[in-house]
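The values are calculated or read from the model by the stated rules, or taken from the named source; none is laboratory data. As the structure is a computational prediction, the values presented were derived from the model and not from experiment. Backbone-built Cβ (ideal geometry, glycine too); neighbour counts: all protein chains shown.
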Amino acid sequence: MTLNDLTPGQAASLSHHQLPAELARRLAALGMREHRQIQLVRRGWLGGPLQLRIGNTEFMLRRAHGGLVHVSQD
């Protein structure tokens, strides 16, 4: 299951990703690390970005990159 498979409001635990190294470093600085809880807040219209929440941090991620982040249900 990837971030793209989550429904708005649904939370899951990060298991692994296949992101480019530079993007992975930037997201790690925002708290996106393995085994952290991540919640899909909402989806942008017409294939737009995903709004995600980790702890108190919210950020947007392209759907193309969301398909590279694997999550698991608790």
Self-check item: Subset of the stretch 40-49 (residues that are surrounded by fewer than 16 Cβ atoms within 10 Å (Cβ to Cβ) and out of contact with any Pro (no Cβ under 9 Å at 6 or more places or on another chain))
Solution: GLY44, TRP45, LEU46, GLY47, GLY48
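Table: residues versus (1) loosely packed, with under 13 Cβ neighbours inside 10 Å; (2) at negative phi; (3) among the charged types (D, E, K, R); (4) part of a loop (DSSP other than H, G, I, E, B).
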residue	(1), (2), (3), (4)
THR7	yes, yes, no, yes
SER13	no, yes, no, no
LEU27	no, yes, no, no
GLY31	no, no, no, yes
GLU34	yes, yes, yes, yes
ILE38	no, yes, no, no
GLN51	no, yes, no, no
HIS65	no, yes, no, no
Quiz prompt | Complete set of residues in the stretch 16-25 that are surrounded by 13 or more Cβ atoms within 10 Å (Cβ to Cβ) and in contact (Cβ under 8 Å) with a residue 24 or more places away in the chain | solution = HIS17, LEU19, LEU23
Quiz prompt | Pair list, Cβ < 8 Å and 6+ apart or interchain, from the stretch 54-65 residues that are within 19 Å of GLN18 (Cβ to Cβ) to residues that are of a type in the set (Val, Ile, Thr) and surrounded by 14 or more Cβ atoms within 10 Å (Cβ to Cβ) | solution = ILE54/ILE38; LEU61/VAL69
Quiz item: Among ARG33, ARG42, which is the only one that is at pLDDT 95 or above and within 20 Å of MET1 (Cβ to Cβ)?
Solution: ARG42
